[in-house]
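Input: one structure, supplied below.
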Amino acid sequence: MQNDITIFDLDETLIATDSAMLWHQFLVAKKIVTEPNFLLEDQRLMGLYAIGKLDMPTYLQFCMAPLAKLSKENVDQLVEECVQSCILPCLYPQALNLLKKLHQADKKTIIISATMSFIVEKVARQLGVKSAMGIDMKIINGCYSDQIQGIATFREGKVKRLKIWLAENNKENSRLTFYTDSINDLAMCQFVNKAIVVNPCTRLLQQAQHNDWQQLTWSL
């Protein structure tokens with residue numbers, strides 16, 4: 001019997017913005033980050049991500065620098081607060097309704113995001129999604145470092161991580177549906193059985209039109 005698995009990107013797909021950007025705004029509001037140009041640089045880097053030109057190691061060095069002197073436990077507590085106060089309010093109602101229907105039907109759901117896993121996993125737990133993958137950061141001396149652990153869930157890395165998960169859970173023959181907004185997820189769209197684009201960027205929209213992928217418009 002073939003299983004149905006529904007996979008979601010997180011940022012700009014389930015939520016109306018980018019969770020890492022919300023996290024950075026949260027850190028500035030908490031005065032954990034005090035550099036005056038931090039948010040401007042964040043916007044510049046995310047602009048590169050949007051057009052598929054982001055160098056992920058450079059971005060992660062930027063993201064993780066403010067956390068260098070904070071313990072893992074301290075960061076995790078801050079993330080929990082950020083998820084509740086900043087990220088969940090940005091969840092698309094259409095996404096919430098879809099997740100509820102899938103859970104009621106006992107369908108497997110997964111979130112795979114290029115955001116750091118210490119954020120992705122906490123968002124997923126709040127949404128009732130038991131399997132979540134983000135970019136895992138090595139923990140050194142009790143703190144999150146800027147070094148990637150394992151395969152980064154970014155571009156083709158998402159496919160690699162998903163294949164590993166499917167093999168480990170004996171789900172290789174599952175029918176896969178994937179929701180995303182980003183051209184960075186083109187490899188995932190081409191790998192799954194069914195790709196559905198949500199408020200797609202221009203380049204992904206072109207791919208969707210060429211491949212007859214379903215297009216959705218979600219809003220808050």
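The values are calculated or read from the model by the stated rules, or taken from the named source; none is laboratory data. Quick caveat, the model's predicted, so the values are computed rather than measured. Note: ideal-geometry Cβ built from the backbone for every residue, glycine included; neighbour counts use all protein chains shown. Ligands, DNA and RNA are excluded from the accessible area calculation, which covers all protein heavy atoms including side chains. Shrake-Rupley method; radii C 1.70, N 1.55, O 1.52, S 1.80 Å.
Return only the number of the condition from (1) of a type in the set (S, T, N, Q); (2) more than 17 Å from the chain's Cα centre (by Cα); (3) buried (at least 22 other Cβ atoms within 10 Å of the Cβ) that Ser113 does not satisfy.
(2) is the only condition that Ser113 fails.
The conditions are (1) closer than 25 Å to Gly47 by Cβ; (2) touching a residue at least 12 places away in the same chain (Cβ under 8 Å), and Gly150 fails exactly one of them. Which is it?
Among (1) closer than 25 Å to Gly47 by Cβ; (2) touching a residue at least 12 places away in the same chain (Cβ under 8 Å), the lone unmet condition for Gly150 is (1).
Out of curiosity, is Ile139 open to solvent by 60 Å² or more (accessible area, probe 1.4 Å), of a type in the set (A, V, I, L, M) and touching a residue at least 40 places away in the same chain (Cβ under 8 Å)? Break it down into steps so the answer makes sense when it comes.
Numbers: open to solvent by 60 Å² or more (accessible area, probe 1.4 Å): yes; of a type in the set (A, V, I, L, M): yes; touching a residue at least 40 places away in the same chain (Cβ under 8 Å): yes.
In short, yes.
Residue pairs, Cβ under 7 Å, 6 or more apart or interchain, first in segment 119-135 and under 12 Å from Thr153 (Cβ atoms) and in contact (Cβ under 8 Å) with a residue 40 or more places away in the chain, second assigned to a strand (DSSP E or B) and open to solvent by 30 Å² or more (accessible area, probe 1.4 Å). List them.
From segment 119-135, the pairs are Ile135/Ile148.
So the check is Cβ under 8 Å with 6+ separation or different chains; which pairs have a first residue in segment 54-82 that's of a type in the set (Lys, Arg) and a second one that's loosely packed, with under 13 Cβ neighbours inside 10 Å?
Lys72/Gly142
Also, I was wondering about something else. I'm told Leu102 meets every condition in (1) within 17 Å of the chain's Cα centre (by Cα); (2) not in a strand (DSSP E or B) except one. Can you identify the failing condition by its number?
Tallying (1) within 17 Å of the chain's Cα centre (by Cα); (2) not in a strand (DSSP E or B), Leu102 fails exactly one: (1).
Where residues in segment 94-109 are in contact with a Lys or Arg (Cβ under 9 Å, 6 or more places away or on another chain) and open to solvent by less than 60 Å² (accessible area, probe 1.4 Å), which of them is nearest to Tyr179 (Cα to Cα)?
So the first thing to find is which residues in segment 94-109 are in contact with a Lys or Arg (Cβ under 9 Å, 6 or more places away or on another chain), and the list is 101-102, 107-109.
Subset that is open to solvent by less than 60 Å² (accessible area, probe 1.4 Å): 102, 109.
Values: Leu102: 13, Thr109: 11 Å.
Taking the candidates together, the pick is Thr109.
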